[in-house]
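Colleague: The structure follows.
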Number of protein chains: 2
Amino acid sequence: MILSKSCEYGIRAAVYIAYKSSKGLKAGITEISDEIGSPVHFTGKILQQLSRKKVISAIKGPNGGYFIENSANVYLVDIVRAIDGNELFSACVMGLKNCSDLRPCPMHEQIKPVRTQLLIEFSKKSVQELVQDYEQNKYFLK
Amino acid sequence: MILSKSCEYGIRAAVYIAYKSSKGLKAGITEISDEIGSPVHFTGKILQQLSRKKVISAIKGPNGGYFIENSANVYLVDIVRAIDGNELFSACVMGLKNCSDLRPCPMHEQIKPVRTQLLIEFSKKSVQELVQDYEQNKYFLK
DNA sequence: ACAATAACGGATAAAAATATCTTTTATAAT
DNA sequence: ATTATAAAAGATATTTTTATCCGTTATTGT
Ligand code: FES
Ligand code: FES
């Protein structure tokens, strides 16, 4: 698997939250996990992480919930890094401790461009752009 | 992580086994895990899987061990599929059950070319070619 | 002030992946 | 035949990931 389950949920949640935010609404944990088809409490934990890292915003209490202020400036790579860290874009595909051009594994040269492309794709589109497509029913979140 | 630990060990082991085979020698579990820096018994389990799936060959008893008959016809994708299955090349990056152009997630179009490239890179070079580079000390296995 | 709401935080549980250990089976050499 | 060797197979243990539960804290509306 390319991304951890936590990260999958995190991205899907973020898109949904930004979707709600684009309508001026906040989204609660229950609603979110319902819409993206994820376990409620586990999703809560993930949203906590994203909130702590300022990828999304949270407000407690009545009328509270999650929202994304600046979805135009939030890219999927930010979510991936907040949850899974940067290993996906840097770690050796064959598990060697120090992946580098100086100490490459047999797949190093082959995998380098893939990782770069992966980073580019996760960095390319902002959450806002994804939401626009989502609003046009181009995408599914569950 | 792109590959599971099992798969990482599996690939590294296969390269080393093929390296030994190119010298007409067989490799034992202890030697292999020593050379690639992996836990002995766990490596044994992985080699069992590869053996059952005919990616590598095994012979029991004295002077037995693992070897690879046709390393020119074994590609890394075969090892990956034998251990991790095909999900890496087919599963939705955001965890949706049915990844397809008809029911895409927000990252579907972006990720498709990456997965294709990943498949190509894992399919491109045979284990034999990798061994040739390994013999020239171009690569490390631990 | 009080009650209701909703995220936060810590503790716990279940499942999956990783790792180890032991016994069995096949093979080879003597 | 007997013994030694090495992988296969099965059982068990540990660790990590995923998931759940519960009390706390912040905020809102009455
Ligand atoms: S050393 Fe393996 S990918 Fe760089
Ligand atoms: S639906 Fe997510 S990658 Fe295809």
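Colleague: Give the residue, chosen from B:Ser33, B:Ser51, that is within 14 Å of DNA strand C (Cβ to nearest atom), crowded, with 18+ Cβ neighbours inside 10 Å and polar (S, T, N, Q).
Modeller: Going through B:Ser33, B:Ser51 in turn, just one is within 14 Å of DNA strand C (Cβ to nearest atom), crowded, with 18+ Cβ neighbours inside 10 Å and polar (S, T, N, Q): B:Ser33.
Here is a yes/no grid of residues against (1) touching a Phe, Trp or Tyr at 6+ places or on another chain (Cβ under 8 Å); (2) under 30 Å from B:Arg81 (Cα atoms):
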site	(1), (2)
A:Glu8	no, yes
A:Lys20	yes, no
A:Gly28	yes, no
A:Glu35	yes, no
A:His41	no, no
A:Gln48	no, no
A:Arg52	no, no
A:Ala58	yes, no
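Colleague: B:Leu130 versus (1) buried (at least 19 other Cβ atoms within 10 Å of the Cβ); (2) free of Cβ contacts under 8 Å to residues at least 40 places away in the same chain: which is the lone unmet condition?
Modeller: Exception for B:Leu130: condition (2).
Colleague: Please count how many residues of segment B:88-127 are touching a residue at least 12 places away in the same chain (Cβ under 8 Å) and farther than 28 Å from B:Leu50 by Cα.
Modeller: 6
Colleague: Something else now. Name the residue, out of A:Ala13, A:Ala18, that is within 14 Å of chain B (Cβ to nearest Cβ) and either in contact with an Asp or Glu (Cβ under 8 Å, 6 or more places away or on another chain) or within 16 Å of ligand 2 (Cβ to nearest atom) (or both).
Modeller: A:Ala13
Colleague: Just to check your reading of the model, which residue among B:Lys112, B:Lys60, B:Lys23 is surrounded by fewer than 17 Cβ atoms within 10 Å (Cβ to Cβ), within 16 Å of DNA strand C (Cβ to nearest atom) and on the phi < 0 side of the Ramachandran plot?
Modeller: B:Lys60
Colleague: Give segment A:99-129 a look and list any residue that's within 24 Å of A:Ala13 (Cα to Cα), aliphatic (A, V, I, L, M) and within 7 Å of chain B (Cβ to nearest Cβ), or say none.
Modeller: A:Leu118
Colleague: Assuming A:Leu3 fulfils every condition listed in (1) in contact (Cβ under 8 Å) with a residue 40 or more places away in the chain; (2) assigned to a helix (DSSP H, G or I); (3) within 17 Å of B:Met107 (Cβ to Cβ) apart from one, which condition is it?
Modeller: (2)
Colleague: Which of (1) under 30 Å from B:Ser6 (Cα atoms); (2) more than 16 Å from ligand 1 (Cβ to nearest atom); (3) within 14 Å of another protein chain (Cβ to nearest Cβ) does A:Asn86 not meet, given it meets every other one?
Modeller: Every condition holds for A:Asn86 apart from (2).
Colleague: Residue check: is A:Leu96 part of a helix (DSSP H, G or I), within 14 Å of chain B (Cβ to nearest Cβ), at pLDDT 95 or above and within 16 Å of ligand 1 (Cβ to nearest atom)?
Modeller: So A:Leu96 fails the test.
Colleague: From the list B:Gly85, B:Gly10, exactly one residue is surrounded by fewer than 16 Cβ atoms within 10 Å (Cβ to Cβ) and of a type outside the set (D, E, K, R). Which is it?
Modeller: After ruling out the rest, the residue left standing is B:Gly85.
Colleague: Determine, yes or no, whether A:Lys23 is among the basic types (Lys, Arg) and touching a residue at least 12 places away in the same chain (Cβ under 8 Å).
Modeller: no
Colleague: Examine segment B:92-107 for a residue that is closer than 21 Å to A:Leu88 by Cα and acidic (Asp, Glu), and state whether such a residue exists.
Modeller: no
Colleague: In addition: B:Gln132 passes all but one of (1) out of contact with any helix residue (DSSP H, G or I) (no Cβ under 9 Å at 6 or more places or on another chain); (2) facing another protein chain (nearest Cβ under 9 Å); (3) more than 16 Å from DNA strand C (Cβ to nearest atom); which number fails?
Modeller: Condition not satisfied by B:Gln132: (2).
Colleague: Every residue in segment B:90-104 that is under 21 Å from A:Leu119 (Cα atoms) and either in contact with a Gly (Cβ under 8 Å, 6 or more places away or on another chain) or within 16 Å of DNA strand D (Cβ to nearest atom) (or both), please.
Modeller: Answer for segment B:90-104, where residues must be under 21 Å from A:Leu119 (Cα atoms) and either in contact with a Gly (Cβ under 8 Å, 6 or more places away or on another chain) or within 16 Å of DNA strand D (Cβ to nearest atom) (or both): B:Ala91, B:Cys92, B:Val93, B:Met94, B:Gly95, B:Leu96.
The values are calculated or read from the model by the stated rules, or taken from the named source; none is laboratory data. Here the structure is a predicted model, which is why all the values come from computation and not from measurement. Every residue, glycine among them, receives a Cβ derived from its backbone with ideal geometry; neighbour counts consider all protein chains shown.
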